[in-house]
Amino acid sequence: MIKSYLKTAGRSLLRNKLFSFINVIGLAISMSVGLLLIAFLLDLRSYDRFNKNGDRIYRITNVASFKGERDGKFGTTSIKTGKLIRQKVTGVDEVAILRSDFEQDAQVGDNILPVKGFWAESSIFRIFSLPMLEGNPETALKDPYSIVLTETAAKKLFGNQAALGKSIQFDSLDYQVTGVMQDVPFFSHIHFEALVSLSTAQQLNLKDQNFEKWTSMWSNYVYVLLPENADKKVVQKQLDAIAREENQADENTNIQLELLPLYNIVVGENLSRSMGPGGPHVPPVALWILGGLALVVLLSACFNYTNLSIARGMRRFKEVGLRKAIGAGKNQVRQQFLAEAVMISLAALFLSFFLFLFLRPQLINLAPEMQRLVKLDLNPVTIITFIIFSITIGVIAGFMPAIFFSKISAISAFRNATGPAMQSVKAFRHITLRQGLAVVQYTLTLIFITTTAIGYVQYKNILAFDLGFNTDNILNINMQGNKPDALMKELGEMPEVTALSRSIIITAVGNAWGGNMKYRNSQDSALVLTNQVDENYLKVHEYKLIAGGNFQTRPANFKSAHEVIVNQQVLKRFNIGGGDPARAIGEEITFSNFGVSGLRMTIVGVMKDFHYGKVDNVIGPVALMPWTPEDRTILNVKLKSSDMLATRAKIESTWKKIDRVHPLDAKFYQEEIEEAYSEFSAMIKIIGFLSFLAISIASLGLFGMVVFTTETRLKEIGIRKVLGANEGSLMFLLSRNFLVLLSISAVIALPVTYLFFEKFILRNFPYHTPVQIVELFIGLIAVLVIAFVMIGSQTLRAARTNPVEVLKSE
């Protein structure tokens, strides 16, 4: 019976070569997207699965609220949290504390190489499956100034020599290599070259009173290993008790502790500082969006199959009737048509696999984050999933034709009656099922194209948005711990360099730093975002001062700083000077952050509001404070050159004189801004690619339907030509129904897309530009042009057919 199904299905496919070709190509194009999504999801599911006890590992996260108007969820917590859990929480097998600020230059003999890693405890090896190649994992991170290297890091520092027991110098201090471990797997949310004993960090920070403070939660990660079948609610209650007790000591901060499963770190809620351990993060909403878009493309191909099967249905009535006359039941007929659909789907899988191999590197190279996130490698599980996916698509595509063909009676088939044929099945009152599917398909295609057009225009507008300061031809150089004076002297002698300034962060790209500000003796405080800059910064970036002037002094350290320049929002927030910038000059504010408290500063300047954060952030209170020699440094270099690449190469050569260890880390400000919105750019590229696929698949389907319609109406066309109809009227007659369906799709798609952007997407961008009419109709115009080409070419051919050739058999 199965052999009969396959043989009949093969004959049917060969007999209808054009429609089979359209179905196979359409399904192959859409299935390639499905294969990419499957490989992507399987990669995401692979994260941290190498850990033997992965389902029992949790990270402690903080839900913090601050009196200074800031709150949020953080992937970090304090060192004190880890110690309190170890002391007070029962039902926890292991606790490990990691600190993420180890990034230093290692000196081995005459070689100096940068090394990145974490401060950690030996318990990390009891929680995570990180095999040690040399050394004892139980004691490797016990003593101060102990370091464990990965296999790659050991080779980088010592070559082929044994690393165990050797010494490495960091900041003139000797560290002993107490272990060499296997490299961390790619699919781990934590990546590092070295682990240094946490006791070392404690020794180096003995004088820092905030090091183990309850609220010092910005650089530490705490992991716990729970027993099998542990009751998380019991553990959570104990965490709540710890939080209640500790929060009583700080009236300005309230922190709640939560358990985050290991497998939900990469695919889960987007937490602030969640990427601290160097791993990626994918919010679930992104997966839903990608999955939804891929599903739409797949459904479009399935609609093609259903539509073309409906169109060819009249030709197969007698075949079905004959089968039923010799005893075939409904199930046998359904199985026959499902077998045909599955065969087409498997043929499409063969083609889509090669498309997958071609598209895989394009997807991985779409954005830098993608390269760090997935590999999309093939393995037996992936290949088996592909086959199951193909069979499923075949069943979905063939389901509706199979159901309806199985209902045809033998008598109706031999009379050539339509019976319950799919041609007459109504989706709505005046629209057949076939027409309804075509409307849905083109509606989705139009939404895709219009979304791409609007998204691209909005993205370009964001990149060109007036930030309130100038970013043109400014090269930002990360000094990577080096003092800036020597490099500034060298750059100052270059004719291409017109100005230089210093800052601690780059604004308008998502970076943020700040603290609480008070006005006079008021108890009212607010979060104010800050940047520490030198006296040249305002001029280099062309900030607009509306009152007062620039900094007059350069303090030796931040605690001795007493001048501040604020934006208009600060005056508005604290009602300084009654809103008059000139009256605000000379007023005193008090500033506090985690490094200093109660610092009294005088307002020396008021600047026009500007975008400190991304354009999806509302402009808030911002203050510029003096840069000091103890601060980290971003060097802002203003350039004027006809050959920026040559100038950058010249700067790189100068950098090598200053630092032979670290490569130049420099980007133009505009590059920084583009990277800040790289996720948005990647999403537009993906939607644009899917739009291209959707319109290609829809066009194939339209072509097939036009071919079928013209073939079935050749005799009608011949009679009309004999009666005097011209080619123009015949083209209108044949294309009218298709154009009506496209018009219905446009009426649905354009308002839906407009409302989607205005009510949901663009609401997150308070400074966006309104959606323009041209952006809405560009997709419709593209679809109409393609439709006219498809319809016009076939209807013109049919209209030019000689009536004698068509009617001579009548």
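Using a Förster radius of 25 Å, what is the FRET efficiency between VAL804 and PHE21 based on their Cβ-Cβ separation? Nearest 0.05, please.
Details: r = 31 Å, r/R0 = 1.23.
For VAL804 and PHE21, the calculated efficiency is 0.25.
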Inset, instruction - Multiply the residue separation of ASN264 and ARG600 by 0.36 nm, subtract the distance between their alpha-carbon atoms, and state the gained length in nm to one decimal. - result: 116.6 nm
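Which of the helices in the chain, when you take each full DSSP H run, stretch at least 18 Å along the axis at their Cα atoms and have an average Kyte-Doolittle score of -1.0 or higher? Working shown, then result.
Working: long enough: 2-15 (20 Å, -0.22); 17-45 (40 Å, 1.80); 232-247 (22 Å, -1.06); 284-311 (40 Å, 1.67); 330-364 (47 Å, 1.05); 380-406 (37 Å, 2.08); 433-463 (45 Å, 0.82); 644-658 (21 Å, -0.30); 678-712 (51 Å, 1.46); 727-756 (42 Å, 1.57); 773-799 (36 Å, 2.05).
Result, helices passing both filters: 2-15, 17-45, 284-311, 330-364, 380-406, 433-463, 644-658, 678-712, 727-756, 773-799.
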Legend entry - Spin-label zone in region 102-121 - amide nitrogen under 18 Å from a point set 7 Å from the Cα of ASP174 along the C-beta vector: 106-111
Inset, instruction - May I ask for the distance between the Cα centers of region 596-637 and region 540-572, given as a whole number of Å? - result: 8 Å
Inset, instruction - Would you kindly state how much longer the chain becomes between LYS544 and LYS213 on full extension, computed as 0.36 nm times their sequence separation minus their alpha carbon distance, in nm to one decimal? - result: 115.2 nm
Inset, instruction - Go through 290-299, 148-157, 110-119 and give me the packing order, highest mean Cβ count within 10 Å leading. - result: 148-157, 290-299, 110-119
Legend entry - Amide N of region 95-131 lying under 15 Å from the label point, which is placed 7 angstrom from the Cα of LYS83 along Cα→Cβ: 96-99, 121
Inset, instruction - Work out how far the C-alpha atoms of the chain reach from end to end along every principal axis, then list the three figures in whole Å, largest first. - result: 103, 64, 53
Inset, instruction - Rounded to the nearest 0.05, what FRET efficiency do LEU796 and SER522 give with R0 = 60 Å and r taken as the Cβ-Cβ distance? Could you check? - result: 0.15
Legend entry - Mean Cβ count within 10 Å, highest first, over the residues of peptides 176-182, 356-362: 176-182, 356-362
Legend entry - Additional length obtainable on full extension of the chain from GLN772 to LYS559, 0.36 nm per residue less Cα span: 71.6 nm
Legend entry - PHE354 versus GLU251: modelled label distance in nm, points set 7 Å from Cα along the beta carbon direction: 7.5 nm
Legend entry - Inter-site label distance for GLU103 and LEU295 at 7 Å from Cα along Cβ, in nm: 4.0 nm
Inset, instruction - Would you calculate the separation in nanometres between label points at LEU733 and LEU467, each defined as 7 Å from the Cα along the Cα-to-beta-carbon direction? - result: 6.4 nm
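Semi-axes of the equivalent ellipsoid for region 59-264, please: Cα gyration tensor eigenvalues, times 5, square-rooted, ordered largest first, whole Å.
Values: eigenvalues 211, 76, 39 Å².
Here the semi-axes work out to 33, 20, 14 Å.
Take the Cα atoms of region 441-502, build their convex hull, and give its volume per residue in Å³. It would help to have the intermediate numbers written out before the result.
On the way: hull volume 8.5 nm³, N = 62.
Each residue corresponds to 137 Å³ of Cα convex hull volume.
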Inset, instruction - Calculate for the chain the 222 nm mean residue ellipticity that helices alone would give, adding -39,500 (n - 2.57) per DSSP H run of length 4 or more and normalising by residue count, nearest 500 deg cm²/dmol. - result: -15500 deg cm²/dmol
Inset, instruction - Report the normalised scattering of region 150-207 as log10 I(q)/I(0) at q = 0.26 Å⁻¹, calculated by the Debye formula with identical scatterers on the alpha carbons. - result: -1.15
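Using the beta-carbon distance between GLU758 and ILE403 and R0 = 30 Å, what value does 1/(1 + (r/R0)^6) give for FRET efficiency, to the nearest 0.05? If you can, show how the numbers build up before the last one.
Values: r = 40 Å, r/R0 = 1.34.
Rounded to the nearest 0.05, the efficiency is 0.15.
Bear in mind these aren't lab numbers, they're just calculated from the coordinates by the rules spelled out. Computed from a prediction, not measured in an experiment: that's the story for all the values here. In this analysis, Cβ positions are derived from the backbone assuming ideal geometry, glycine residues included, and neighbour counts consider all displayed protein chains.
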